[in-house]
1. Which one of the conditions (1) open to solvent by less than 20 Å² (accessible area, probe 1.4 Å); (2) in a strand (DSSP E or B) does GLN315 fail to meet, given that it meets all the rest?
2. Confirm whether LEU301 is at pLDDT 95 or above, aliphatic (A, V, I, L, M), over 26 Å from the mean Cα position of the chain (by Cα) and open to solvent by 20 Å² or more (accessible area, probe 1.4 Å).
3. If we scan the range 178-185, do we find a residue that is open to solvent by 50 Å² or more (accessible area, probe 1.4 Å) and touching a Pro at 6+ places or on another chain (Cβ under 8 Å)?
4. Restricting to the range 60-98, count the residues that are part of a strand (DSSP E or B) and either open to solvent by 10 Å² or more (accessible area, probe 1.4 Å) or over 28 Å from ASP210 (Cα atoms) (or both).
5. I'd like to check something: does the range 16-26 contain any residue that is open to solvent by less than 10 Å² (accessible area, probe 1.4 Å) and either of a type outside the set (S, T, N, Q) or in contact (Cβ under 8 Å) with a residue 12 or more places away in the chain (or both)?
6. Looking only at the range 119-126, decide whether some residue is assigned to a helix (DSSP H, G or I) and closer than 24 Å to LEU281 by Cβ.
7. Could you count how many residues in the range 161-194 are under 21 Å from HIS148 (Cα atoms) and touching a helix residue (DSSP H, G or I) at 6+ places or on another chain (Cβ under 7 Å)?
8. Taking the condition within 19 Å of GLU260 (Cβ to Cβ) and within 22 Å of the chain's Cα centre (by Cα), does ALA344 pass?
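The values are calculated or read from the model by the stated rules, or taken from the named source; none is laboratory data. The structure displayed is predicted, hence computed values, not measured ones. Positions of Cβ are backbone-derived with ideal geometry, glycine not excepted, and every protein chain shown enters the neighbour counts. Remember, those area values only see protein heavy atoms, side chains included, never the ligands or the DNA or RNA. Shrake-Rupley method; radii C 1.70, N 1.55, O 1.52, S 1.80 Å.
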Amino acid sequence: MGAMAAVAELELKRTPLEEVHRALGAKIGPFAGWAMPIEYEGALSEHRAVRERVGLFDLTHLGKVDVTGPGALGMLQQLVTGDVSQVEVGEAQYGMVLNDRGGVVDDLIVYHLEPERFFVVPNAANATKVLHMLEASPAPDTVHLMFHQDWCFLAVQGPRSVEVTGSLFPEAGSLTFLRCTETEYRRRPVILTRSGYTGEIGFELFTYQDIALDLWRDLMEAGASFQIEPCGLAARDVLRLEMGYPLHGQELTEERTPLEAGLSWAVALDKGEFPGRKALLRQKRDGLPVRLRGLLMQGKLIPRPHYPVFDGESQIGETTSGTFSPMLRSGIALAYLSPGDAHAPGDVVEIDVRGRRGEARVVRPPFVHRSPR
């Protein structure tokens, strides 16, 4: 390892479970400023575990912010794209934070835990940026922000996740999709949510890092009879892409709007002002220059990010994500195609895969028909 690489390695943030991951044979790599497990037995094995049984993820790198006080709702309502006033206590909502041009600064989930308490989970690379935007956001009353840098985040995902999570937290059995509750583990508070990023039934757990090791081991033990597997970020990327879920930094950037990404359902244009709203209204009036589409390869070529997409001899875009789908036994990709109102599902385009063109059919995600509900 070179001197610069060694310095970069030392500057990475660390999950409290890194030694456990290494003992399990994990390949540790940099991700969004953290040293995180990329894979253990391999992405294909871990993918299969989640689709067929159950897998356990360490997602401690993601942000964790408490927004509390009488002005909490007003602050969030003026910052995120969703109508937070419609989120009842015990519910969660997916949304985004935009810049003034309508570009996606970050996508996140807002959990409503108590009448004046919301729990916000942004992406790792943007956690500090979102915190600063919250600090700068006007609030109608007192608000207290707490950035939980000493919390861990574990996710149990797959068809048997109810049994595994429920063996430690009986409340899990009664939670429906995008619901949340507060509970305890070893006398420490836990936020338990029915959510995830895999397309399967799943749960996410937030608690203090000092009990992360015990919680990880207890979940692994609870899942032993179901052949639970520890899973890394590589498998998570394949799982989310099969569902057509966008990833910040690839599908979601400050140059792309929610409308272009097909996320208009997560934007409440009629709730009042928030950053980017005027730009979205103009785009809705004038039409979309590009639109995110799903592409299913018709041959054996496997697309990756940033491969050109053609309609005849005209380049109409490039892939943002691409991989091999173990479920479909085929290559899949997401790509922004131009113009936004062209290339409907069923149309055929071509992807240039390292100098070889392969046909791809435009499809409406998800590629794999699963449900986290």
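1. Unmet condition: (1).
2. Details: at pLDDT 95 or above: yes; aliphatic (A, V, I, L, M): yes; over 26 Å from the mean Cα position of the chain (by Cα): yes; open to solvent by 20 Å² or more (accessible area, probe 1.4 Å): yes.
Considered against the rule, which asks whether it is at pLDDT 95 or above, aliphatic (A, V, I, L, M), over 26 Å from the mean Cα position of the chain (by Cα) and open to solvent by 20 Å² or more (accessible area, probe 1.4 Å), LEU301 comes out as yes.
3. Taking the range 178-185 and keeping what is open to solvent by 50 Å² or more (accessible area, probe 1.4 Å), we get 179, 182, 184.
From what's left, touching a Pro at 6+ places or on another chain (Cβ under 8 Å): 182.
Scanning the range 178-185 turns up at least one residue that is open to solvent by 50 Å² or more (accessible area, probe 1.4 Å) and touching a Pro at 6+ places or on another chain (Cβ under 8 Å).
4. Initially, the range 60-98 is screened for residues part of a strand (DSSP E or B), giving 65-68, 80, 91-98.
The next check asks that each one be either open to solvent by 10 Å² or more (accessible area, probe 1.4 Å) or over 28 Å from ASP210 (Cα atoms) (or both); those that pass are 66, 68, 80, 91-98.
Counting residues in the range 60-98 that are part of a strand (DSSP E or B) and either open to solvent by 10 Å² or more (accessible area, probe 1.4 Å) or over 28 Å from ASP210 (Cα atoms) (or both) gives 11.
5. If we filter the range 16-26 for residues that are open to solvent by less than 10 Å² (accessible area, probe 1.4 Å), which is where we start, we get 17, 21.
Imposing the further condition that a residue be either of a type outside the set (S, T, N, Q) or in contact (Cβ under 8 Å) with a residue 12 or more places away in the chain (or both) reduces the set to 17, 21.
Yes, the range 16-26 contains at least one residue that is open to solvent by less than 10 Å² (accessible area, probe 1.4 Å) and either of a type outside the set (S, T, N, Q) or in contact (Cβ under 8 Å) with a residue 12 or more places away in the chain (or both).
6. From the range 119-126, those assigned to a helix (DSSP H, G or I) are 124-126; that's our starting set.
Subset that is closer than 24 Å to LEU281 by Cβ: none.
No.
7. Total satisfying the criteria: 6.
8. Values: within 19 Å of GLU260 (Cβ to Cβ): yes; within 22 Å of the chain's Cα centre (by Cα): no.
Answer is no for this residue.
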